[in-house]
Amino acid sequence: MKVGFEMKRKTKLIHGGISSDPHTGAVSVPIYQVSTYKQEGVGGHKGFEYSRTGNPTRQALEELIKDIEGGTAGFAFGSGMAAITAVMMLFNKGDHVIMTDDVYGGTFRVMSKVLNRFGIESTFVDTSNLKNIHSEIRENTKALYLETPTNPLLKISDIEAASSLAKENGLLTIVDNTFSTPYWQNPIELGADIVLHSATKYIGGHSDVVAGLVVVNTEKLAQDLHFVQNSTGGVLGPQDSWLLMRGIKTLGIRMEETEENTAAIVNFLTQHPSVKKVFYPGLENHPNHEIAKKQARGFGGMVSFDVGSGEKADHLLSKIHYFTLAESLGAVESLISVPARMTHASIPAERRAELGITEGLVRISVGLEDVEDLIEDLRKALE
Ligand SMILES: *Cc1c(COP(=O)(O)O)cnc(C)c1O
């Protein structure tokens, strides 16, 4: 949507991209459940030929995510992993990527068990320290891949400083922005070239869609990624594209409310005697609190805390009521998980130990229930 002034963030979530149907006046984009399009003559089409290449509902979502992340083009995929894989397919055999060490388990798996077989090399380092990035740059290094905040230890990398180091060395900077969402953090504005999301999480927000989104900041990257998307075909269907647009309309109020609930829960956890340690970038004693404050407008709804042992974590899980034991995050319902045995089970045990993902580490995704109920629930379960 073009208006004569810059939209503010919540307005953009609702009026950005293509937000209505000019043919009928419908205030929601129709679900174009279609695979192909009639041509008036050979090649005489109205911008759509075949839905892998382009679909009007998916295009509306892609325009919207482009607008809210502030890039030049957006792309929607059938999952976050499909989005990450497509981005990696921008590289060639022999290319090397430096990545955050405690990335999402599936990201580690695709790099170390799948894409390595196609000759894409990766090195995992603690990117919250710039020196670690610098010392891994090789002749064949083509990109820096950051996840910030990380999962599950909520480590923060300085996007602006890291992407400027990357640029000096001719590397692309890619940021997995799933935890912060485009409402709180916009990596392209901080210097990144590509930002991606598991839209399954906060962007969808209701535990009812699996999807991935990518935004790039140059025309060249847009053409290259569209070529990969169309060639490999991991596109998002029209129904799921529509669900994401619906989710995005309330992303702002959901994130604002999540922020308030999370602050109250973190405050409770830090004072609880059974909790050994709380990991949350909003805490002043978080090692990168100042960077988190500088680059994001909110700290998000993900919190990890250590209860000391696997048995204690199990006890907590057996008593908890409102927090659903499940993988995933970022939905209206609060979720709880034990990363070592769930989301991060695909990471070898010795690697987990190196990273500090202990058996007693519990991760919560704070939802939109009344926070008094959530705190009471945690209080009883921690007894
Ligand atoms: C869930 C997740 C992914 C993978 O996304 P899917 O939609 O599950 O394929 C990638 N990165 C992060 C940070 C995630 O939380």
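The numbers here are math on the coordinates, done by the rules we state, and not lab data. Here the structure is a predicted model, which means the values were calculated and not measured. Cβ coordinates were reconstructed from backbone atoms using ideal geometry, including for glycine residues, and neighbour counts include every protein chain displayed.
Given only helices, namely DSSP H runs of n ≥ 4 each adding -39500 (n - 2.57), what is the per-residue ellipticity at 222 nm of the chain, to the nearest 500 deg cm²/dmol? Don't skip to the answer; put the middle values down first.
Values: 14 runs with 138 residues, N = 383.
Calculated at 222 nm, the ellipticity per residue is -10500 deg cm²/dmol.
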Rounded to the nearest 10 degrees, the helix 310-319 long axis (Cα) sits at an angle to the longest Cα principal axis of the chain of 70
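Hey, got the dipole for the chain? About the Cα centre, +1 on K and R Cβ, -1 on D and E Cβ, debye to the nearest 20? Spell out each step's value before the answer.
On the way: 37 positive and 47 negative charges, 133 e Å.
Value, rounded to 20: 640 debye.
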Measuring from the longest principal axis of the C-alpha atoms of the chain, the long axis of helix 251-271 (C-alpha) lies at a number of degrees, nearest 10, equal to 10
Sorting Y50, T36, S20 by the position of each Cα along the dipole of region 1-54 (Lys, Arg +1; Asp, Glu -1; all at Cβ), the one nearest the positive end of that ordering is S20
In degrees, nearest 10, the alpha-carbon axis of helix 371-381 is tilted away from the dominant principal axis of the alpha carbons of the chain by 50
The rounded separation in angstrom of the Cα centers of region 154-177 and region 16-46 is 37
Of all trypsin sites (Lys or Arg not before Pro) in region 48-95, the ones in DSSP coil with at most 12 other Cβ atoms within 10 Å are K93
Over its alpha-carbon atoms, region 1-144 yields an Rg and a Dmax in Å of 20.0, 59
The chain: relative contact order from alpha carbon pairs under 8 Å, six or more residues apart, as a whole percent, is 17
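Let me check against my output: what whole-number percent is the relative contact order of region 62-153, with C-alpha pairs under 8 Å and at least 6 apart?
Numbers: 105 pairs, mean separation 28.5, N = 92.
Relative contact order for region 62-153 comes out at 31 percent.
I'm a student and want to see the number: the projected area of the Cα convex hull of the chain, averaged over all directions, in nm². Don't skip to the end; give the middle numbers.
On the way: hull surface 79.1 nm².
For the chain, averaging the hull's shadow over all directions gives 19.8 nm².
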